[in-house]
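What follows is a short report on a single structure.
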Amino acid sequence: MTISLILDIVVAGLLVATIAYAAVLDRRIRQLRATRAELETMVVGFNTATARAESAIGDLKMGTEAGSRELKPLMATARQIADDLQFLVERGNELADRLDVGVSAARAAAPKGGAVSRPAARPASTAPRAMRSETEKPERPGREVSDAEHALLKALRSVR
């Protein structure tokens, strides 16, 4: 066997390998071309979904900004009302403390073991005490209204 025959056999083997590889490569290229249409549809669908999402995000931002603008005055009003209520509670607590001190002092001054005299039943007014006008007569004649009671009544009237 001569060298030229051996070289021809090696070249023929390489050509067979090249042809086989070219056939595999051709099949993959055809597959890629076939799926290219599917890939294009997927890309178009993805772009459409992205555009809708961006539009929805813009609408959502506008909605939250509008809601925020509507809520700001309501929150400011709520804060004012909360502050007013806190003030009224503090004033009510102060008045309750003063009344407690007064009741304790009255109990200490009352005779031990003696019957506690209660005032006679009085007719009920149609309006609660806090809502009566200053022109109405006090329920007990001769009773002085303290400064704390005046302040509480004034605060209650201003809330109305």
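The values are calculated or read from the model by the stated rules, or taken from the named source; none is laboratory data. Quick caveat, the model's predicted, so the values are computed rather than measured. No Cβ is skipped: glycine too gets one built from the backbone with ideal geometry, and neighbour counts run over all protein chains shown.
Some observations on this one:
- Of the candidates GLU38, GLU90, GLU54, the single residue that is part of a helix (DSSP H, G or I), out of contact with any Cys (no Cβ under 9 Å at 6 or more places or on another chain) and closer than 30 Å to LEU156 by Cα is GLU90.
- Among the numbered conditions (1) surrounded by 10 or more Cβ atoms within 10 Å (Cβ to Cβ); (2) modelled with pLDDT under 90, the only one that GLY142 does not meet is (1).
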